[in-house]
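Only one structure is covered here, and it is reproduced in the block below.
The values are calculated or read from the model by the stated rules, or taken from the named source; none is laboratory data. Not measured: the values here are computed from a predicted model. Cβ coordinates were reconstructed from backbone atoms using ideal geometry, including for glycine residues, and neighbour counts include every protein chain displayed.
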Amino acid sequence: MLGALTCLVLALVAPGEGQPGADSRDGRPNVLLIAVDDLNDWVGCLGGHPQAQTPNIDRLARRGTLFTNAHCQAPLCNPSRSSVLTGLRPSTTGIYSLQPGLRAVEALKDQVTLPQALAAQGYSTFCAGKIFHDGAIPPRDHAQEFQVWAVTGGMPFPPHKFVETPDPIKAMDWGPVSGKDEDQADWKSADAAIARLQSPPPGKPFFVAVGFRLPHVPCFATPRWFDLYPDDETLVMPPVKDGDRDDVPEFSWYLHWKLPEPRLSWLLEAKQWRPLVRSYLASISFMDSQVGRVLDALEASGQADRTVVVLWSDHGWHLGEKGITGKNTLWERSTRVPLIFAGPGIGAGARSARPVELLDLYPTLVSLCGLTERPGLEGHSLTPQLKDASAPRAWPAITTHNQDNHAIRTEHWRFIRYADGSEELYDHRSDPNEWSNLANDPQHAELKRELAGWLPKRNEPPAPGSFARLLTKVNGVWTWERKPIIPAEKNP
Ligand SMILES: [Ca+2]
Ligand SMILES: [Ca+2]
């Protein structure tokens with residue numbers, strides 16, 4: 001009787017034969033999670049930049065299912081990653097900025113994160129590089145989040161900034177660096193992940209998470225990666241329209257105006273636009289080569305057929321589009337990210353255009369790994385699309401930037417509503433660059449009402465410890481201001 005009950009329980013928790021994630025031997029696939037920092041859609045298989053060279057991410061896409069309309073929950077590291085790891089929206093947790101870390105939020109102290117859920121159900125867990133946002137978890141608590149948290153090297157900085165940007169922080173820099181690829185933090189993170197893949201703890205399925213830092217600034221790579229891209233007018237520059245922001249609400253301008261990143265106008269003036277674009281591309285190709293090393297190690301381990309690989313980026317990046325560089329916007333350039341699943345039972349060479357969210361990652365892995373259902377997760381499992389990329393999905397993708405500013409992305413539309421009630425609407429069938437704001441066109445009133453129905457009902461105030469880091473010019477000098485995020489502040 002007990003035996004029969006055990007079988008029944010196992011049948012309930014393990015993915016069935018032929019289901020995505022099913023493993024012919026024990027029903028529990030390993031998981032290799034690859035996180036990338038600030039990578040927009042400039043990867044070969046997504047076509048965001050026609051010259052981007054990412055052969056390794058492309059081969060992963062060929063082996064699995066690529067989501068071509070995937071979006072982050074927040075266009076900034078800490079809130080995006082906190083959302084992925086908790087399975088909750090920023091508007092539910094109040095984590096909108098670089099601080100606080102998720103465990104510093106009272107309501108999240110005992111929230112079971114993705115790695116904890118896997119560990120609790122028999123997985124060995126390991127991370128190398130940037131998975132949580134830097135500093136979000138104090139080192140003394142690392143072992144509570146991942147059983148093994150490999151320490152990897154930081155970004156090597158040259159003695160002086162290469163580029164004297166208006167932003168004085170060291171990280172806001174780019175260019176070819178001397179030294180060896182092996183000196184880069186991403187190489188060391190890949191090394192740590194490879195070592196783990198070569199000898200995972202026996203008798204358990206593994207969860208290996210590796211987080212790459214590039215192409216996050218500083219966009220440093222060795223010259224060989226720059227050599228992949230022309231240093232002349234044949235380098236394709238991002239599409240930019242003069243006066244593009246004339247038809248967007250003032251509130252959006254406020255949200256993005258005082259950002260740390262240099263503006264397009266400065267890049268043009270300083271003749272740094274092309275060098276930045278080239279440095280970002282070179283950094284992407286170097287990072288991609290490290291993805292390749294990790295994928296090679298998985299293949300060599302003999303575990304590839306029993307391992308779900310998921311690759312994602314925490315948010316996108318502007319390189320001049322809409323007059324800015326950086327993130328922190330609710331436009332496509334900030335929200336669209338690569339998202340690929342590959343592994344047992346997952347469609348190979350498939351592309352799904354359904355709008356999906358990074359929030360879906362946690363419930364998808366719960367399903368693929370046969371974990372006990374976790375009520376309260378706000379995403380939706382993508383297993384239907386992993387079996388059949390054209391399977392319908394009932395929900396749009398929602399991105400949130402600070403309190404009560406949201407973007408709703410469906411297959412064809414982007415609808416933005418800011419905290420002051422101002423709106424933007426873009427038709428992606430005719431306007432992939434989001435140049436023409438249709439929000440004031442009366443013929444779209446009904447559509448806007450429908451899309452507004454998806455706006456989160458809950459809009460938590462910024463969690464204690466939140467702050468916005470703003471760069472402002474005071475008496476002609478660029479100066480950092482550390483300001484609290486003020487809900488619905490209107491006046492620039
Ligand atoms: Ca990031
Ligand atoms: Ca416009």
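If the condition is being within 21 Å of V310 (Cβ to Cβ) and not in a helix (DSSP H, G or I), then region 48-58 contributes G48, A52, T54.
Quick check, is D134 assigned to a loop (DSSP other than H, G, I, E, B) and more than 25 Å from P115 (Cα to Cα)? It is false that D134 is assigned to a loop (DSSP other than H, G, I, E, B) and more than 25 Å from P115 (Cα to Cα). Of the candidates G316, G343, the single residue that is crowded, with 24+ Cβ neighbours inside 10 Å, farther than 29 Å from E261 by Cβ and in contact (Cβ under 8 Å) with a residue 12 or more places away in the chain is G343. Of the strands (runs of 3 or more DSSP E) entirely within region 392-472, those holding at least 2 residues that are free of Cβ contacts under 8 Å to residues at least 40 places away in the same chain occupy 413-417, 423-427.
Restricting region 319-340 to residues that are among the basic types (K, R) and not in a strand (DSSP E or B), the residue that is surrounded by the fewest Cβ atoms within 10 Å (Cβ to Cβ) is K322. In this structure, A185 does not qualify as closer than 30 Å to A304 by Cβ and modelled with pLDDT of 95 or more. The set of residues in region 372-404 that are at pLDDT below 95 and surrounded by 23 or more Cβ atoms within 10 Å (Cβ to Cβ) comprises H401, N402. Picking from residues in region 183-239 that are within 25 Å of T165 (Cβ to Cβ) and aromatic (F, W, Y), the one that is surrounded by the most Cβ atoms within 10 Å (Cβ to Cβ) is F212.
Somewhere in region 347-355, is a residue of a type in the set (S, T, N, Q) and surrounded by 24 or more Cβ atoms within 10 Å (Cβ to Cβ)?
Taking every residue of region 347-355 in turn, at least one turns out to be of a type in the set (S, T, N, Q) and surrounded by 24 or more Cβ atoms within 10 Å (Cβ to Cβ).
Contact annotation: residue pairs with Cβ atoms under 8 Å, 6 or more positions apart or on different chains, pairing a residue in region 236-250 that is in contact (Cβ under 8 Å) with a residue 12 or more places away in the chain and away from ligand 1 (no atom under 16 Å from the Cβ) with a partner that is in a helix (DSSP H, G or I) and aromatic (F, W, Y), are M237/W273; R245/W253.
Screening R409 against (1) more than 16 Å from ligand 2 (Cβ to nearest atom); (2) more than 23 Å from L382 (Cα to Cα); (3) surrounded by 15 or more Cβ atoms within 10 Å (Cβ to Cβ); (4) charged (D, E, K, R) leaves a single unmet condition, (2). Evaluate region 304-322: report whether one residue or more is of a type in the set (D, E) and away from ligand 2 (no atom under 16 Å from the Cβ). The answer is yes, given that some residue of region 304-322 is of a type in the set (D, E) and away from ligand 2 (no atom under 16 Å from the Cβ). All but one of (1) within 16 Å of P462 (Cα to Cα); (2) modelled with pLDDT of 95 or more hold for Y96; which doesn't? Here Y96 meets the rest and fails (2).
Criterion applied to D288, D246, D296 was being within 16 Å of ligand 2 (Cβ to nearest atom) and at negative phi, and the one residue passing it is D246.
Filtered by the rule that a residue be within 15 Å of ligand 1 (Cβ to nearest atom) and either among the hydroxyl-bearing types (S, T, Y) or in a loop (DSSP other than H, G, I, E, B) (or both), region 190-227 gives H216, V217, P218. When each of A74, A61 is tested for being surrounded by 24 or more Cβ atoms within 10 Å (Cβ to Cβ), in a loop (DSSP other than H, G, I, E, B) and of a type in the set (G, A, S), the lone residue that passes is A74.
Restricting region 341-361 to residues that are assigned to a helix (DSSP H, G or I) and in contact with a Ser or Thr (Cβ under 8 Å, 6 or more places away or on another chain), the residue that is farthest from ligand 2 (Cβ to nearest atom) is D360.
So is S124 in contact with a Lys or Arg (Cβ under 7 Å, 6 or more places away or on another chain), polar (S, T, N, Q) and closer than 25 Å to V308 by Cα or not?
It is true that S124 is in contact with a Lys or Arg (Cβ under 7 Å, 6 or more places away or on another chain), polar (S, T, N, Q) and closer than 25 Å to V308 by Cα.
Taking residues in region 266-279 that are over 13 Å from D232 (Cβ atoms), and partners anywhere that are aromatic (F, W, Y), the pairs with Cβ atoms closer than 8 Å and at least 6 places apart or on different chains are L267/W273; Q272/W266; L276/W174; S279/W174; S279/F220; S279/F226.
Of all residues in region 285-318, those that are within 23 Å of L197 (Cβ to Cβ) and either of a type in the set (A, V, I, L, M, F, W, C) or not in a helix (DSSP H, G or I) (or both) total 19. Taken over region 328-376, residues that are of a type in the set (A, V, I, L, M, F, W, C) and within 18 Å of the chain's Cα centre (by Cα) amount to 13. Within region 163-171, not a single residue is touching a residue at least 60 places away in the same chain (Cβ under 8 Å) and not in a loop (DSSP other than H, G, I, E, B). Within region 279-333, the set of residues being of a type in the set (D, E) and under 15 Å from R63 (Cα atoms) comprises D296, E299, D305.
Has region 312-320 got any residue that is more than 16 Å from ligand 1 (Cβ to nearest atom) and not acidic (D, E)? Full working, then the answer.
Taking region 312-320 and keeping what is more than 16 Å from ligand 1 (Cβ to nearest atom), we get 320.
Now drop any that are not not acidic (D, E), which leaves 320.
Yes, there is a match, as at least one residue in region 312-320 is more than 16 Å from ligand 1 (Cβ to nearest atom) and not acidic (D, E).
Among residues of region 78-90 that are in a helix (DSSP H, G or I), none has a beta-carbon under 6 Å from a residue that is within 16 Å of ligand 2 (Cβ to nearest atom) and at pLDDT below 95 at least six positions away or on a different chain.
You will find that of T410, T383, the residue that is more than 16 Å from ligand 1 (Cβ to nearest atom), farther than 25 Å from E460 by Cβ and among the polar types (S, T, N, Q) is T383 and no other.
When region 41-69 is filtered for residues that are within 16 Å of ligand 1 (Cβ to nearest atom) and touching a Lys or Arg at 6+ places or on another chain (Cβ under 7 Å), only D41 remains.
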